[in-house]
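Each value in this text was obtained by applying a stated rule to the coordinates, not by laboratory testing. Given the structure is predicted, the values throughout are model-derived calculations rather than measurements. No Cβ is skipped: glycine too gets one built from the backbone with ideal geometry, and neighbour counts run over all protein chains shown.
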Ligand code: DX5
Ligand code: ZN
C-alpha cells in the first residue's frame, strides 16, 4: 500500500445485506469504493455485535482494494494474529479499549499489518500524541461507535489538531460516522483523507440494483472536489 493524502471513500459493510457480504463487497468496489471498511463489534466495548475473524477472512476473498478493519472490541491483543491471518491490510483499535494501546500498535505492525488507532468523540486528540510513531491511521469517530445511521457529531477542531500534530508523517486521518455529502467537506477541509460511509453509500441500492451505490459514492466525492485539505 503506497501512501497519499487524496480523498478515499471507504464504504462500511455494516450497512450492507448481512446475508450477502461477498456480492455486496464486489458491487460496491465495482461502483467506485477505494477501500472496504469492516466494523467488528463485540457486544461489550460497544452495545452491538457483528462478526469475528472467520467472517472477515471470508470477506477477504472478495476485497480487491484495501481491507480496513475497525475493531470495536476489548481486549484487542488476543485477536491480532487472527485478523492478520484473515488478510487484514489496516487494523484499527480504539485507544479507549485498554491501558496498553502502545503495545497493541506495536503488535499490529509486528503481525504485518498497518496500525490504526480510533478515538471516540469524548477522547481528545492528545490521547494519540505519543502513539503517532507507531500509527499509520488515526480514526476520528464522529458518532459514538456501535451503530450505523447516526447523526454526525462535529469534531473538526479535533481533526485540525491531529492534522497539525501529524505534520509530514505518512498517517491517514479517517472519519467514521455520519459522513454524507453535507458533512464530508467539513472534515476534508479540516484535514481528513479517508471517509468511511455506511448508510450514505448503501442507501437506495442493492446487489441487484447497485447503480445507486455508485451515485452515492460520486455524490460524496463531488462534495469534496475543490475542498482544500488543511
Ligand atoms: C459505527 C461504525 C461506522 C458506521 C458508519 O460504529 O464504526 O463505520 O458503520 O455508519 P454511517 O456512515 O451510517 O454513519
Ligand atoms: Zn467503523
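Computed packing ranks the peptides 105-113, 146-154, 86-94, 27-35 as 86-94, 27-35, 105-113, 146-154, most packed first, by mean other Cβ atoms within 10 Å. By definition, a body whose alpha carbon gyration tensor gives a ≥ b ≥ c is oblate when a/c is 1.5 or more and a/b is not larger than b/c, and the range 70-171 fits this oblate description. Across the chain, the relative contact order, built from alpha-carbon pairs under 8 Å that are at least six residues apart, equals 20 percent. Placing pseudo-labels 7 Å out from each Cα toward the beta carbon at residue 144 and residue 102 gives an inter-label distance of 3.0 nm.
In the chain, the DSSP beta bridges split such that about 5 percent are antiparallel, to the nearest 5.
Beta bridges per DSSP, both residues in the range 1-104: antiparallel share near 10 percent.
When the chain is treated as a Gaussian network with alpha carbon springs shorter than 10 Å, the biggest mean-square fluctuation among 188, 63, 143 belongs to 63. Report summary: the helix-based calculation at 222 nm, which adds -39500 (n - 2.57) for every DSSP H run with n ≥ 4 and divides by the residues of the chain, gives -8500 deg cm²/dmol. By the gyration tensor of its Cα atoms, with a ≥ b ≥ c the square roots of the eigenvalues, what is the shape of the range 92-230: rounded for a/c under 1.5, prolate for a/b over b/c, or oblate? Here the range 92-230 falls in the prolate category.
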